[in-house]
1. Compute the length gained on full extension between N105 and N74: take 0.36 nm times their separation in residues and subtract their Cα-Cα distance, giving the result in nm to one decimal.
2. Where does the longest stretch of the chain lie that holds no GluC sites (Glu not before Pro) found in a DSSP loop with 15 or fewer other Cβ atoms within 10 Å?
3. Could you tell me which trypsin sites (Lys or Arg not before Pro) in region 1-109 are loop residues by DSSP with no more than 15 other beta carbons within 10 angstrom of their beta carbon?
4. Along the Cα-to-C-beta direction of N31, a point sits 7 Å from the Cα; which residues of region 62-95 have their amide N less than 20 Å from that point?
5. Under 5 Å between amide H atoms, partner at least 5 residues away or on a different chain: which partners does L44 have, H built in plane at 1.01 Å?
6. Could you give the distance between the Cα centres of region 25-56 and region 180-216, to the whole Å?
7. About the Cα centre of region 152-200, what is the dipole size in debye to 20, counting +1 per Lys and Arg Cβ and -1 per Asp and Glu Cβ, all else neutral?
8. To the nearest 20 Debye, how big is the dipole of the chain about its Cα centre, given +1 on the beta carbon of each Lys and Arg and -1 on that of each Asp and Glu?
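Bear in mind that the values in this text are calculations on the coordinates, not laboratory data. From a predicted model like this one, the values you see are computed outputs, not experimental measurements. So basically every Cβ, Gly included, is an ideal-geometry build from the backbone, and we count neighbours across all protein chains shown.
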Amino acid sequence: MEDWPGSYFDQDYLRTLLIKDDPQRNIQQVNFVLTETGVTRDSLILDLGCGYGRHLEVFSQHSYRVVGLDFNRNYLLKAREKSNSKGRNMDLIQGDMRKLPLQDNIFDLVTLFFTSFGYFTEEDDAKTLLEINRVLRNGGYLFLDLENRDHIIRYFKTDEIREYPAFTLLERHRFDIHTGIQHTRRIYFRKEEKKEVKRELRLYSFAEMKRILEETGFLVEKVFGDYNRTALNLESTRMLILAKNVN
Ligand SMILES: C[S@@+](CC[C@H](N)C(=O)[O-])C[C@H]1O[C@@H](n2cnc3c(N)ncnc32)[C@H](O)[C@@H]1O
């Protein structure tokens, strides 16, 4: 598996596919995590793959101590700009979630919102979970907001076309049943330019995620199909997992 995320998570991704900054939705998602984990105000929270910081902002508005980590410098700059404009000082770290530049046992909660997991080899995905386990205090929580593989497979689409003001985006998907990886070619058509990037997202079923989490020192406490707490089922587009560090 090549290291494709560097070219995939670029400015076009930020402008198009990365979920829009909708304050109400951000608040709902953060409140969901706070309620389900019951973390207190003196807790320390790590948002991994924080992107441009849409959840960091809400955590800090609620006076939680939060650190954001992402490997994309431009996304972090955008998060920094936004927090400066609101007069807030955020802790932002540029780094790779597979090897966290952070001390052991310091966080009470680690969050990965909006499909920020499943981009690597199975070994590296497990390494990421072990790293999360290392930086979490015993009894701390991990929150994963993933795509629901079973829904994707049930309604599998090979081609999707999306229209944006500046370009048309063609997505071509292929699912490799042997590896569980959804391979996507994203082709941006501009007036005089065509740009192609790829994504390889390993889609884990809930049963697989539960097993991998157990193997890396977690116990799954709850799973939902959306932020309204609907039970996970074949119609759920998301898979929201709350797991406790029991190591
Ligand atoms: C789908 S986006 C989600 C962003 C953010 N959580 C949100 O909900 O707006 C995934 C994020 O993970 C980051 N990312 C991907 N691979 C990473 C890695 N190895 N280490 C750190 N961040 C990574 C990307 O730069 C991107 O910001």
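1. Extra length available between N105 and N74 comes to 8.3 nm.
2. Segment 3-191 is the longest.
3. In loop regions of region 1-109 (DSSP not H, G, I, E or B), the sparsely surrounded trypsin sites (Lys or Arg not before Pro) are K20, R41, K86, R88, K99.
4. Residues passing the 20 Å test: 62-65.
5. D108, L109
6. Result: 24 Å between the Cα centres.
7. Dipole size: approximately 20 debye.
8. 560
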